[in-house]
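Colleague: First the structure, which I've put down as structure tokens, then a few questions once you've had a look.
The values are calculated or read from the model by the stated rules, or taken from the named source; none is laboratory data. These numbers were taken from a predicted model, which means no experiment stands behind them. Virtual Cβ from ideal backbone geometry, glycine too; neighbours counted across all protein chains shown.
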Amino acid sequence: MKDIDLLIRDLSEPLSGNPTFKLDDDKEEKKSKTADIIQKETLHEPENSEVISEEETIPREKQSEEHYRRGVQLINKRDYKKAIEEYRKVLQLEPENVKARNNLGYAYDRLGDYDLAINEYLNALEMDPENVQVRCNLGAVYGVKGMYERAENELKKAISREPKNAQAHCNLGIVYCKKGLYEDAVEELRKALEFKPDFESVHYYLGEAYNQLDMLDEAIFAFEKIIQSKPDHAKAYYHLGIIHDKKGMTDQAALMYRKAREYSTRK
């Protein structure tokens, strides 16, 4: 199977960095015509004859690769239920396929079926205990469920194996934010930016952590970084309003609140 990256769970965003594919329309059309021909040729077969389907003539590895590719396409379209069907087909053909197992867990995660997602990630880790991406995803889902100690444990394991993994540092920083450990959160989120300077989703939680630590100028800088790349980010404006209120800058705070309301009503 081609080496397609695993889907990675970003604890701060709905979707992050999913691979994309372009459908080959000509190839699909040819397949459809081939299917028609096979159907016509077998119409007059004796009643008890065994008909071999087109899929049975394709090597298992090719079938698996095609189902995997479809699964990623469906994830990109946010059609998670159909993606689950494709990844299950991969696993029927290749039960030890760690990437398909991870991506199946990811699809369950997106549907809010967190226990099923956890189960798939754990199954994947049984097959490949050293897989950092799967462990990072597991930690993220534990974080979503509020199981912060387990989340922290898994993310620390991921970082111990891959110290420069920006996603793991980001997710651990978010878990620390959720636990109210803001100094620890800042440390992890800064590391995430060190290893991936353009990591946009880090700035939101970094701004929140700075705000809780009364490091207001740093918090403003973090939220303004978000607005530089996403000028319609309503939550960033809202937090800037709160911070400017803290600083006694009421006019600037009022402006930020207006922008927050304006952009929130557009969505």
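Colleague: Can you confirm whether segment 185-201 contains a residue that is touching a helix residue (DSSP H, G or I) at 6+ places or on another chain (Cβ under 6 Å), closer than 28 Å to Arg101 by Cα and part of a loop (DSSP other than H, G, I, E, B)?
Modeller: yes
Colleague: Something else: Find all pairs meeting these conditions: Cβ atoms under 9 angstrom apart; at least six residues apart or on different chains; first residue within segment 156-171 and surrounded by 19 or more Cβ atoms within 10 Å (Cβ to Cβ); second residue among the small types (Gly, Ala, Ser) and outside any helix (DSSP H, G or I).
Modeller: Filtered contacts from segment 156-171: Gln167/Ser16; Gln167/Gly17; Cys170/Ser12; Asn171/Ser12.
Colleague: Do we have Tyr176 as crowded, with 22+ Cβ neighbours inside 10 Å, among the hydroxyl-bearing types (Ser, Thr, Tyr) and farther than 18 Å from Asn102 by Cα here?
Modeller: yes
Colleague: For segment 215-267, give me every one of the helices (runs of 4 or more DSSP H) that falls completely inside it and has 1 or more residues that are at pLDDT 95 or above and more than 20 Å from Arg190 (Cα to Cα).
Modeller: Values: elements: 216-229, 234-246, 250-266.
Those helices (runs of 4 or more DSSP H) span 234-246, 250-266.
Colleague: What number of residues within segment 187-230 satisfy the criterion of being more than 23 Å from Glu162 (Cβ to Cβ) and in contact with a Leu (Cβ under 6 Å, 6 or more places away or on another chain)?
Modeller: Matching residues across segment 187-230 total 2.
Colleague: Here is a follow-up. Can you tell me which condition Met127 does not meet? The list is (1) closer than 29 Å to Cys177 by Cβ; (2) aliphatic (A, V, I, L, M); (3) surrounded by fewer than 16 Cβ atoms within 10 Å (Cβ to Cβ); (4) touching a residue at least 24 places away in the same chain (Cβ under 8 Å), and all the others hold.
Modeller: It is condition (1) that Met127 fails.
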